[in-house]
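To start, the structure itself, in structure tokens.
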Amino acid sequence: MVKPVNAVIDGLGTTIFSVMSALAVEHGAINLGQGFPDEDGPEDIRRAGADALMKGPNQYPPMMGVAALRQAVAAHDRRFYGFDTDWQSEVLITSGATEALAAGLFSLLNPGDEAVLVEPLYDSYAPVVRLAGATPRFVRLRPPEWRLDEAMLEAAFSEKTKLLLLNSPMNPAAKVFSAAELALIADRVRRFDAYVLCDEVYEHLVFDGHRHLPLRGLPGMAERCLRIGSAGKIFSFTGWKVAYVTGAAPLIGTVARAHQYLTFTTPPNLQTAVAHGLGREAGFYTAYAAQLAGKRDRLAKGLAAVGFDVLDCQATYFLSADFRPLGFAGNDVEFCRYITCEAGVAAVPVSAFYDSGGVDHLVRFCFCKQDPVLDEAVARLGRFFGGVAIP
């Protein structure tokens, strides 16, 4: 008999996004599950990438990232948040935010450490923490308010706590953490001498006057925080897999040593294109957020008319909806399969964003789609639930 493979990896299933996307293809369903736009981003950024590809060079760029993009990231952080980031020592380019998360977790965690994770959460967090030999400790946010509970946060910290992983703006809760909540987190992090890995890929996709506040800007946090941003989310190029990490030089140096053995580097023409994109005027960011807010409102209004109870959405590509008013008796996984196969619309169960379940009455819909696609999805659901007996 052969020896067993890695126990953590062997225990993982296929990500829910791949499962629901495959089911959508099988049944010809409109895919509002996986979070990607159905239109590519600005033509000038694409053209910059194409021109850089043809001009070259197309060999290995520097492991830390091309200078132009690292400089653009530092300038972006200064322009939007007032951070004085040194592009040479405090910026690292990675092949997507998931790689940045893995490099950050592998470089900071030792076996026996504990990592505080806030649920609901992106599904890579807990597996990578466990692959690093550390133990996740969960702080659960509950719908519909998704408030951070101070007592639960306090209970999650211990002398073994090495870091907290914070996703704000938050997927799938579509929540922007308030200044008061960030202050609570910063207080615990300082008191327990921990680090924070800040997943801020939706930093510019914020609506209704809400404001994204990076934790790095709070007192005592600059030397403890690693901040992750994503060109895929900012510019609607999710397939490019270009992300960036900023933080204090000692931390970035440590993360870079993990990065060099994961992907080492990222396509140079895409880095050049993203550098061009980050230099765009501030109006681009506000206009895109306003466009997404309109799509959110369009889908939310339609889902409410069908009979869903739609939760508040402050940011991101996503909104969550409670399907219980429709009379469906099963859980969220069953409901997502049901509407994909029978109504022709795919969504993602929110329970997939919890490590141990417990919230099984919500589904997540992606609204960064063309208006006719959103309208057709609502029309399909309306026709289906308007004339079908619910099992």
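Values in this text are rule-based calculations from the coordinates and carry no lab data. What you see is a predicted model; the values in this text were computed from it and never measured. Cβ sites come from the backbone with ideal geometry, for glycine too, and all protein chains shown count toward neighbours.
Observations on the model:
- Failed item in (1) acidic (Asp, Glu); (2) surrounded by 17 or more Cβ atoms within 10 Å (Cβ to Cβ); (3) closer than 19 Å to residue 230 by Cα, with residue 114 passing the rest: (3)
- Scanning the stretch 66-103 for residues that are assigned to a loop (DSSP other than H, G, I, E, B), touching a helix residue (DSSP H, G or I) at 6+ places or on another chain (Cβ under 6 Å) and under 20 Å from residue 240 (Cβ atoms) yields one hit, 66.
- Identity of the residue in the stretch 234-261, closer than 21 Å to residue 43 by Cα and in contact with a strand residue (DSSP E or B) (Cβ under 9 Å, 6 or more places away or on another chain), that ends up surrounded by the most Cβ atoms within 10 Å (Cβ to Cβ): 242
- Filtered residue count, the stretch 104-152, keeping only those that are touching a residue at least 40 places away in the same chain (Cβ under 8 Å) and part of a helix (DSSP H, G or I): 10
- Residues located in the stretch 165-181, provided they are assigned to a helix (DSSP H, G or I) and in contact with a Cys (Cβ under 7 Å, 6 or more places away or on another chain): none
Every residue, every condition in (1) in contact with a Ser or Thr (Cβ under 6 Å, 6 or more places away or on another chain); (2) of a type in the set (Val, Ile, Thr); (3) crowded, with 20+ Cβ neighbours inside 10 Å; (4) outside any helix (DSSP H, G or I), yes or no:
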| site | (1), (2), (3), (4) |
| --- | --- |
| 20 | no, no, yes, no |
| 23 | yes, no, no, no |
| 36 | yes, no, no, yes |
| 51 | no, no, no, no |
| 54 | no, no, no, no |
| 59 | no, no, no, yes |
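- Residue list for the stretch 262-278, restricted to those being surrounded by fewer than 22 Cβ atoms within 10 Å (Cβ to Cβ) and within 15 Å of residue 100 (Cα to Cα): 262, 263, 264, 265
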